[in-house]
1. I need the full set of residues from the stretch 189-223 which are more than 11 Å from Val297 (Cβ to Cβ), touching a helix residue (DSSP H, G or I) at 6+ places or on another chain (Cβ under 7 Å) and assigned to a loop (DSSP other than H, G, I, E, B), in order please.
2. Among the candidates Asn149, Asn93, single out the residue that is at pLDDT below 85, closer than 25 Å to Asp184 by Cβ and outside the structural domain of Arg23 (by TED's automatic domain parsing).
3. Please tell me if Gly140 is outside the structural domain of Leu283 (by TED's automatic domain parsing), at pLDDT below 95 and touching a strand residue (DSSP E or B) at 6+ places or on another chain (Cβ under 6 Å).
4. Does Arg121 satisfy the condition of being modelled with pLDDT of 85 or more, in contact with a helix residue (DSSP H, G or I) (Cβ under 7 Å, 6 or more places away or on another chain) and of a type outside the set (A, V, I, L, M, F, W, C)?
5. Could you check Thr327 against (1) within 17 Å of the chain's Cα centre (by Cα); (2) at pLDDT 95 or above; (3) surrounded by fewer than 20 Cβ atoms within 10 Å (Cβ to Cβ) and say which number it fails?
6. Ser179 fails exactly one of the following numbered conditions: (1) among the polar types (S, T, N, Q); (2) farther than 20 Å from Leu331 by Cβ; (3) in contact (Cβ under 8 Å) with a residue 12 or more places away in the chain. What is the number of that condition?
7. Please go through the stretch 1-60 and give me each residue that is at pLDDT 70 or above, of a type in the set (S, T, N, Q) and either surrounded by fewer than 17 Cβ atoms within 10 Å (Cβ to Cβ) or touching a helix residue (DSSP H, G or I) at 6+ places or on another chain (Cβ under 8 Å) (or both), ordered by number.
Amino acid sequence: MDTPQDTSAAGPAGASRGAGPGRPTIKDVAAAAGVSTATVSRVLSGTSPVSPDLVARVTRVIDELGYSPNGLTRGVFKGRSNSIGVLVGDLRNHFYVELVRGAEEVATSADGSVLLADTSRNPSAERRLLSLMDEQRVRGLITTTGHDNDDLTRQMASRGAQCVLLTRAPAAAHPRMHSVHLDDRAAGALCARHLYGLGRRRIAVVTSTRRLTTQRLRLAGVAAERDATGPPAGPISVHTCETQEPGVVAEAVAELLTAREGGPPDAVICTSGRLTREVFGSLRAAGARIPDDIAFVSFDDFPWASLIDPPLTVVDQHPHRMGVLATRLILAEDRDEPEEIVIEPTLIVRRSCGGA
């Protein structure tokens, strides 16, 4: 699928209007005219009284610099701010940090800003923060949250905000929303294929919850690869950790290590990046040698994934790229129809599975 491209037209000689360091910004206009960026915005939108002298001065500078309002600035004309709301579940998760970095890079280069909110995976907090962003009239919304408050995101989209669902595919309930997400089924299959290729036969999967579509799809990918491999691939055991509490994770790991059918696993796939450290630590605490006894693969390339012993094999979901693409979708106002962008997973092979 094609990814959004910068469609800004080239300006007159010496003033590029496309993405890049030569494109004049609203700050450049304000500095050259000797006014604030807020004054420039009022002149552009015509929604607030500005003296004729200031209008003439700002307009002259706009013409001289070849300034052209971008997608975010045009949002002001529609009664929306030049901010993009980003709603994440837990900023302690490196995935979300990288996602926000990508979104902020694009928004800042387009004279905009990011309004960031962390829900701590609390539906009530999420609802309050969504309402706040709606009140702030954000230009667009990037949300990584679940389905609890879909009515509010639909409401924002119906009022003209460009909304992007991140980490989940679009559904009939979201006819007006864009989507940027990983091919989760392919990611699960990628993990299993790598393990079977190394001679592992009994895979255990540790997941955060089967209520999330992302987790179900990853599990389905593992199962599909097992079926494609056929004998001697053994049964797949699935173990759920609803929280990251060490005791809960340790109990799930103890359960998978004492599996009766086909014997204990010789490989573990952790389909939730936020459980990686706890699952890995519990396996080591239980005496499992990685990768000698159990190969281990997880999701998200955390900064420490390459530093521990053994370094972890992980699926890179490319969160920075997700943030970039989601923000570009919000800026691309010429897109009349919602767009779905599917990110292909990348397996970063290290020594936690052996054979590397």
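The values are calculated or read from the model by the stated rules, or taken from the named source; none is laboratory data. Worth saying up front: this structure is predicted, and the values here are computed from it rather than measured. Neighbour counts run over all protein chains shown; Cβ positions are idealised from the backbone, glycine included.
1. Ser208, Thr209, Arg210 - these are the residues of the stretch 189-223 that are more than 11 Å from Val297 (Cβ to Cβ), touching a helix residue (DSSP H, G or I) at 6+ places or on another chain (Cβ under 7 Å) and assigned to a loop (DSSP other than H, G, I, E, B).
2. Asn149
3. Yes, satisfied.
4. no
5. Every listed condition holds for Thr327 apart from (3).
6. (2)
7. Ser36, Thr37, Thr39, Ser41, Ser51, Thr59 - these are the residues of the stretch 1-60 that are at pLDDT 70 or above, of a type in the set (S, T, N, Q) and either surrounded by fewer than 17 Cβ atoms within 10 Å (Cβ to Cβ) or touching a helix residue (DSSP H, G or I) at 6+ places or on another chain (Cβ under 8 Å) (or both).
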